[in-house]
Structure formats: C-alpha cells, structure tokens
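Have a look at the structure below, then the notes.
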Amino acid sequence: MAKGSEIQFSFNRVKDAQTHAMVTRLTPTDVLCHRNYFYQKCFTRDGNRLLFAGEFDGNRNYYLLNLVTQRAVQLTEGPGDNTFGGFLSPDDKHLYYVKNERSLQRVSLADFSEQTVYRVPDTWVGYGTWVANSECTSLVGIEIAREDWTPLSDWTIFQAFYHRKPHCRLLRVDLNSGRSRVIHEENGWLGHPIYRPFDDSTIAFCHEGPHDLVDARMWLVNEDGSHVRKVKTHGEGESCTHEFWVPDGSALMYVSYQKGRSDRCIRRFDPQTGEDSGVMVMPNCSHLMSNEDGTLLVGDGSGTPVDVKDTASHVIENDPWLYIFNTKTRKYAPLVAHNSSWKVLDGDRQVTHPHPSFSPDNKQVLFTSDYEGLPALYLAEVTEDLLGSLKD
C-alpha cells in the first residue's frame, strides 16, 4: 500500500462486564495495530483524528484514523518505521518519526510529502523515543554507537545489553535546520529523553536497564549539557520506572515499587524545589499518564515485571485492569479490563503493552490490547459517575 491509501474500519462497541463503561475497538483483530508511546502526541487537538501504527501490507506503518468517518489514511510506507516514537506536531500539520534507526522524517498531513530533517551518522544508531519541545522547534533523542548496538528483541537481550555499557549520547536536533548538538554522553545505556514542557532548558533522561540493577533511573540535565543531576537516590530494594512530565510541566511523575510488595507507589518530583514526594499507593500498574495538570492519572495493571533481574522478589498476580486515579483525593477505581497478555510478539517487546493515555477532553482513554487476537486499539469511556466517585 502507498501513502494516501485509505482503509474503511467498522468500530465495535461493547460494555465492560464489571464496570459497564463503554469500550470501542477501533482497529481489526486480524491485523497488528498499536498506539505510539504513551506520552507522545497521538490525537489531533480537536480529538477527531488519531495517529496509530498498523501492518496492513506486511510493513508496520503510520496511519491517521478519522474517528468520525472511521476511515484511516496511510502516512508512511515501506519497512523500518519506529512506530512507537512518532508523534503529531502541536499544530496538527506534520508527523515526525524515525526511519530505519537512521533518518528523522517529517510527513505533511496535507499532501503526505516527506522530508528528512536529520540523519544519524553511519557510526551511530538512533534508539528509542525521540521527544520534541513544546513549540516543536527542537527535539531530544538518544544515539548508540553502532559497534555496541544489538536489536533488543526479547527481555534476555534487554538485560544483557545493560551489562555491555554501550556508548550512548543524548543529542538535540533543531527541527528547522536539522543541525544537531550532543548534550551528554557516557558509556552506559541511556534512554527516554524528554524535554520538560514549556522549559527547554531542562531535559530528563534515564539510565536504562533492569530496574533493580540501575544505579539511579531518572536524571536531569540542562539543554547546554551542564548540571547533570539525579532526580533521586533509590531506596533499599526500590525500583523506579516509566517517568513522564505532567503536560503542564509542573512535575516529573513516575512509578516506584519495592521487592516483596505487590502494590506500587505513584511519586512526584518538583523540578523547581527538588522535592520528591509520594502521591499515593496504587495497584501494580506499569505505565502511568496524566491529564494536563496531573490531577487525574490512568494506569495499566500488569504482572510480575520482566525488566528486573531478581524476578523471584517481584512475583505478583497479573492485574488486568486500567485504573483512573485522583491525585488530590488519593482515590482510584477500575475503568475497564484491558486483559492484554504483555507477551513479546514477533521480536517486539512493547507491542502488547496497553500504554494508556487520555483523549484531549479527558473523556476517553486510549490503549492497546491483544485480548481479542492481534494487538488492536481501544477507547474506553471515562464517565462522570466514575470521576464523581473519586471526589471527596
């Protein structure tokens, strides 16, 4: 299939058996489809169109789905799309994504024309999710030395790669000129670079690897490369994961969990004061994402983590629910059952992960699940009754 090709979908609506919330399956169950990473922009501002990835012709490419007409238009073609890291520009005019671990591409949503903004040097590999600043004038990404690179096709390789201490560098790319500059580099696995919203001077990144082996997961650095500092020192037996900036830039939030405990903790770091504080205890969710000001969160229940070395100390029963959290009242409730398997599929560690996030109006939650077949996209309704139950 070529860019500009259209596919007519037929959405399927059902009520969750326990919560009675309405759930809409957007994509078919016989074609692998998934959403992008949970903190990357996927909805247009009006909430009517949705970016997603699908394998409709054997290649996994980007599509834009009109939620009113139920028609999807193809945005990219051919092999090699990084279909987790792509995002829509704030003005809804472009898709940005990385192709073949090499080229940062910009696609016009108006006519599907495409240009290369930046090309990774031949001796490096473009890794992971690359994230733009609020104005979408620059982005930050991670490059790994090609001689150190191995495709991370399962969790055993994930753990081995950590011990390799690959040469990594965090860089900034100007999205207008394509010029790049290295911000920070070290012989250690770096990941998840994220500009603080509305503050280009502050960038978060992580030390990647098994959570119980990483010295300190979350770090900050100034955009000019100065003042590299850890967000927190891990407590005894503590692991931290899946950090994200609240969209208004007020805090870095993340998941904290302990050996021998099945529950987890939502924590919050204030970049202005440096205060790190617990928000609330929650079920064993893996990913969290918030609304604009961090007053509401959505999380995906999971099972025994695969991204730790000592799994015996973290054995927990799989939790199949999506939860909504009110961070002011510290109350939470199940939204719907996602029932995803979390399994590695065809060498992809992420494709069955729910990765939930809110729609622009906070009235729905987008997630991926494979409970009906191949991974598909779903929208779950967030009712006023549910939100009311979480108030004081």
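The values are calculated or read from the model by the stated rules, or taken from the named source; none is laboratory data. Since we're looking at a predicted model, the values are computed, not measured. Quick reminder, even Gly has a Cβ in these numbers, built from the backbone with ideal geometry, and neighbours come from all protein chains shown. Just so you know, the surface numbers come from the protein's heavy atoms only, side chains and all, with ligands and any DNA or RNA stripped out. Shrake-Rupley method; radii C 1.70, N 1.55, O 1.52, S 1.80 Å.
With 295, 304 as the choices, which residue is of a type in the set (S, T, N, Q), farther than 28 Å from residue 10 by Cα and in contact with a helix residue (DSSP H, G or I) (Cβ under 7 Å, 6 or more places away or on another chain)?
The match here is 304.
For the stretch 199-215, which residues satisfy the criterion of being part of a loop (DSSP other than H, G, I, E, B) and either of a type in the set (A, V, I, L, M, F, W, C) or more than 17 Å from residue 170 (Cα to Cα) (or both)?
Correct list: 210, 211, 212, 213, 214, 215.
Out of 309, 363, I need the residue that is farther than 24 Å from residue 243 by Cβ and either of a type in the set (S, T, N, Q) or in contact (Cβ under 8 Å) with a residue 12 or more places away in the chain (or both). Which one?
After applying the criteria, what remains is 363.
Taking the stretch 296-343 on its own, how many of its residues are among the β-branched types (Val, Ile, Thr) and in contact with a Lys or Arg (Cβ under 7 Å, 6 or more places away or on another chain)?
1
If you go through the stretch 331-352 one residue at a time, how many are open to solvent by 20 Å² or more (accessible area, probe 1.4 Å) and either free of Cβ contacts under 8 Å to residues at least 12 places away in the same chain or not in a strand (DSSP E or B) (or both)?
9
Looking at this structure, is residue 67 surrounded by 14 or more Cβ atoms within 10 Å (Cβ to Cβ), touching a residue at least 40 places away in the same chain (Cβ under 8 Å) and either under 21 Å from the mean Cα position of the chain (by Cα) or closer than 26 Å to residue 146 by Cβ (or both)?
So residue 67 does not fit the description; no.
Take the residues in the stretch 353-380 that are aromatic (Phe, Trp, Tyr) and open to solvent by less than 10 Å² (accessible area, probe 1.4 Å); name whichever of them is farthest from residue 305 (Cα to Cα).
Only one residue tops the list, namely 378.
Quick check on this structure: which one of 114, 147, 143, 135 is open to solvent by 10 Å² or more (accessible area, probe 1.4 Å), modelled with pLDDT of 95 or more, under 23 Å from residue 194 (Cβ atoms) and acidic (Asp, Glu)?
135
Kindly indicate which of 91, 81 is within 21 Å of residue 361 (Cα to Cα) and either modelled with pLDDT of 95 or more or loosely packed, with under 15 Cβ neighbours inside 10 Å (or both).
One residue alone meets the criteria, 91.
Against the conditions (1) open to solvent by 20 Å² or more (accessible area, probe 1.4 Å); (2) within 29 Å of residue 150 (Cβ to Cβ), where does residue 321 fall short? Just the number, please.
Every condition holds for residue 321 apart from (2).
Kindly establish whether residue 192 is assigned to a loop (DSSP other than H, G, I, E, B) and not β-branched (Val, Ile, Thr).
For residue 192, the condition - assigned to a loop (DSSP other than H, G, I, E, B) and not β-branched (Val, Ile, Thr) - is not met.
Of all residues being in a loop (DSSP other than H, G, I, E, B) and among the β-branched types (Val, Ile, Thr) in the stretch 117-132, which is most open to solvent (accessible area, probe 1.4 Å)? Just the residue, please.
Looking at the filtered set, the residue picked out is 123.
For the stretch 337-357, give me the residue count where each residue is at pLDDT 95 or above, over 15 Å from the mean Cα position of the chain (by Cα) and among the small types (Gly, Ala, Ser).
The total comes to 3.
Determine whether the stretch 358-380 contains at least one residue that is modelled with pLDDT of 95 or more, of a type in the set (Val, Ile, Thr), over 17 Å from residue 17 (Cβ atoms) and assigned to a loop (DSSP other than H, G, I, E, B).
No, every residue in the stretch 358-380 fails to be modelled with pLDDT of 95 or more, of a type in the set (Val, Ile, Thr), over 17 Å from residue 17 (Cβ atoms) and assigned to a loop (DSSP other than H, G, I, E, B).
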